[in-house]
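The values are calculated or read from the model by the stated rules, or taken from the named source; none is laboratory data. Predicted, not measured: the structure shown is a model, and the values here were computed from it. Cβ atoms come from the backbone with ideal geometry, glycine included; neighbour counts cover every protein chain shown.
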Amino acid sequence: MTVRHLVSIEDVTAEWFMDLYETCKDMIHYPDRYTDACHGKVMASLFFEPSTRTNFSFQTAIMRLGGSVFGFSNPSATAVAKGESLADTIRMVSAYGDAVVMRSPQEGAAAAGALYSEVPLMNAGDGGHMHPTQTLTDLTTISQKRGYVGDLNVGLCGDLKNGRTVHSLAIALANFPNIQFTFIAPREMAMPGYVLTALKEKGVRYHEVTNLDSTIPQLDVLYMTRIQKERFTDPLEYERNKGLYILTRRKLDRARKDLLIMHPLPRVDEISPDVDEDPRAVYFEQARYGMFIRMALLHRLCHAPREATKPAYDPAPRLCQNDRCVTMTEGWYLPNKTRTLAGEMVCAYCDKKIPDIMPENVSV
Ligand code: NCD
């Protein structure tokens, strides 16, 4: 299987990950063998949204492979601030670099950007949609700690509605043997429909609960997440939900001895610092594995031959009605793209359902 761009976690299979993980393991054990593996390669790093781990781990990954990096973590310093389109920005950076890493607050932005990139583009997080390289990090952590990915009851806890890391992790884990999920969230922050549909299609068992404490003893992995404050349009909704789930040392008394406590970080208050000393807490190691798996990914992708791209200009009114979708601001030129998910038409950028009845100003 050849992966050119890593846009959606659906682009990768379990076999593809396991192959990448073999390279990653070698990089962990013998980093000196890879110091020139990407010599002369230049990575473009576009962060339209704040980041610590993803940005710095990608940067240090390319440096450890002998390559270099250019880009921004503040788009106000670029022509984006002058109104340049995403398509033109990506055309330019892909003309200068050998690989593009991109994070955006808009859902589907990486899928849109990849249409205009002459070189491989990696999604470093697109709004509340997906975060495939965090998922590679998570799968690497489980593999390192457990030896393989499989036979797990995985608890995902927190803001499952807006948290992109849990969306891509659930979809990816569904490709591995004997995985079941426990989704722990208040009802208004439940896992979105497109993730549940993907799990149902693969016949993966899940159940949704609201109580963390009573669930902990059954879990092999507890993946905590932050309430995604920046994604709330209603501040009251955030106030209602913040502080609902706080993992403390005491709550772990009845947990399995080999539980893995994971978190993509940053944490706010959902894991008390007294948990950090527990040997089951692996979130800081997890962040370090993120650098190694990104090294393996860059090594795999940044040697790909340059390919010219010419997506069709499509000024037709956009079909997607999701306010957070990239088509909201870039829809005036982006091709209208849909796909079918469990018999329903969804936007191929953000995966949200296309409404059956179009608003009056949209003609198809
Ligand atoms: C996550 C993200 O940006 O989605 N962080 C990360 O990349 N490690 C999680 C979060 O911000 O809560």
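When each of Phe72, Phe56 is tested for being surrounded by fewer than 17 Cβ atoms within 10 Å (Cβ to Cβ), under 21 Å from the mean Cα position of the chain (by Cα) and away from the ligand (no atom under 16 Å from the Cβ), the lone residue that passes is Phe72.
Search the stretch 213-234 for residues being assigned to a loop (DSSP other than H, G, I, E, B) and within 24 Å of Gln106 (Cα to Cα), and hand back the single one that is nearest to the ligand (Cβ to nearest atom). Taking the candidates together, the pick is Arg226. Filter the stretch 255-272 down to residues that are away from the ligand (no atom under 15 Å from the Cβ) and outside any loop (DSSP other than H, G, I, E, B) and give me whichever is surrounded by the most Cβ atoms within 10 Å (Cβ to Cβ). Selected residue: Ile261. Filtering the stretch 49-78 to residues that are of a type outside the set (Gly, Ala, Ser), touching a Lys or Arg at 6+ places or on another chain (Cβ under 9 Å), at pLDDT 95 or above and within 20 Å of Val93 (Cα to Cα) leaves Thr54, Asn55, Phe58, Thr60, Ile62. Mind checking which residues of the stretch 15-53 are within 16 Å of the ligand (Cβ to nearest atom) and touching a residue at least 40 places away in the same chain (Cβ under 8 Å)? Once the filter is applied, which keeps residues that are within 16 Å of the ligand (Cβ to nearest atom) and touching a residue at least 40 places away in the same chain (Cβ under 8 Å), the stretch 15-53 yields Ser45, Leu46, Phe47, Phe48, Glu49, Ser51, Thr52, Arg53. Based on what the data block shows, is Glu10 over 16 Å from Ala296 (Cβ atoms), in contact (Cβ under 8 Å) with a residue 60 or more places away in the chain and more than 16 Å from the ligand (Cβ to nearest atom)? Spelling it out, Glu10 is indeed over 16 Å from Ala296 (Cβ atoms), in contact (Cβ under 8 Å) with a residue 60 or more places away in the chain and more than 16 Å from the ligand (Cβ to nearest atom).
Restricting the stretch 11-36 to residues that are outside any helix (DSSP H, G or I) and under 19 Å from the mean Cα position of the chain (by Cα), the residue that is modelled with the lowest pLDDT is Val12. Return yes or no: is Val93 more than 16 Å from the ligand (Cβ to nearest atom) and modelled with pLDDT of 95 or more? Answer is yes for this residue.
Across the stretch 113-133, a minimum of one residue is classified as of a type outside the set (Asp, Glu), within 13 Å of the ligand (Cβ to nearest atom), outside any strand (DSSP E or B) and within 22 Å of His303 (Cα to Cα). Taken over the stretch 59-69, the residue count meeting the criterion of being surrounded by fewer than 19 Cβ atoms within 10 Å (Cβ to Cβ) and within 16 Å of the ligand (Cβ to nearest atom) is 1.
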